[in-house]
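Data first, discussion second: the structure below is written as structure tokens.
The values are calculated or read from the model by the stated rules, or taken from the named source; none is laboratory data. Just so it is clear, the structure is predicted and the values come from calculations on it, not from any experiment. With ideal geometry, Cβ positions are generated from the backbone for all residues, glycine too; neighbour counts draw on all protein chains shown. Please note that ligands, DNA and RNA were not included when accessible areas were found on the heavy atoms of the full protein model with its side chains. Shrake-Rupley method; radii C 1.70, N 1.55, O 1.52, S 1.80 Å.
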Amino acid sequence: MSDEKQRLMKLRKKISKKRPHFKRFESWRFVRIKDQWRKPRGIDNKMRTEESGWPKSVKVGYRGPTAVRGLHPSGKEEVMVWNPADVDGVDAETQVARIGGSVGGRKRETILEKAEELNIRILNPGKRESEDEFDELVTEDEEEVPEEDDEEEIDLKAMTKKELTTHAKEMGIKVPSKARKADIIELIENFEDEEDD
């Protein structure tokens, strides 16, 4: 990037910091009116007549320098890419590519491969995992499989009365209809002790 372009990029950043957020008239008042900018046109509109105390309106003076307008912060021009053939038209020195939002996973992979060959930067490559990393994850999961003999201990006190009742019925314990939570826990614990003996 040339010195002049770098200077203009810095100037653009400075102007952007000072630029106000342009609101649509009375978007702060009504929920039905969205915040995005629309030109005020009413005959009594205070924003149109630029009365003090009202939000600023869009004007040409708020624009950035023409030479760097619309460029990516890296100083290169953004080009939309929808398929691998579009990648050929991207100049690696002056442009960067952005993959379209509706592009699927398989086509995205081919675009990324072609861009890597041509040394073109993709702004939104997405998450990529190599096959080797995937194999490592599979082997780690296989090693961490717990032994079948170790049964997870259930915290009976943390369960609700309804959950305890269903758990007891699954174990084959008959629960009285007017039993309290503490009584059900006691029944389950006694049943487990009998099984251990």
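When residues in the stretch 39-73 are screened for being at positive phi and within 38 Å of the chain's Cα centre (by Cα), 2 of them pass. Does the stretch 60-78 contain any residue that is farther than 29 Å from residue 10 by Cα, part of a helix (DSSP H, G or I), open to solvent by 60 Å² or more (accessible area, probe 1.4 Å) and at pLDDT below 95? So far as the stretch 60-78 goes, no, none of its residues is farther than 29 Å from residue 10 by Cα, part of a helix (DSSP H, G or I), open to solvent by 60 Å² or more (accessible area, probe 1.4 Å) and at pLDDT below 95. Here residue 12 passes the criteria (1) part of a helix (DSSP H, G or I); (2) surrounded by 10 or more Cβ atoms within 10 Å (Cβ to Cβ); (3) of a type outside the set (A, V, I, L, M, F, W, C); (4) under 26 Å from the mean Cα position of the chain (by Cα) except the one numbered (4). Contact map, the stretch 172-197: first residue open to solvent by 60 Å² or more (accessible area, probe 1.4 Å), second residue among the acidic types (Asp, Glu), Cβ cut-off under 8 Å, separation 6 or more or different chains; pairs are 176/183. Of all residues in the stretch 39-59, those that are over 30 Å from residue 8 (Cβ atoms) and open to solvent by 100 Å² or more (accessible area, probe 1.4 Å) total 5.
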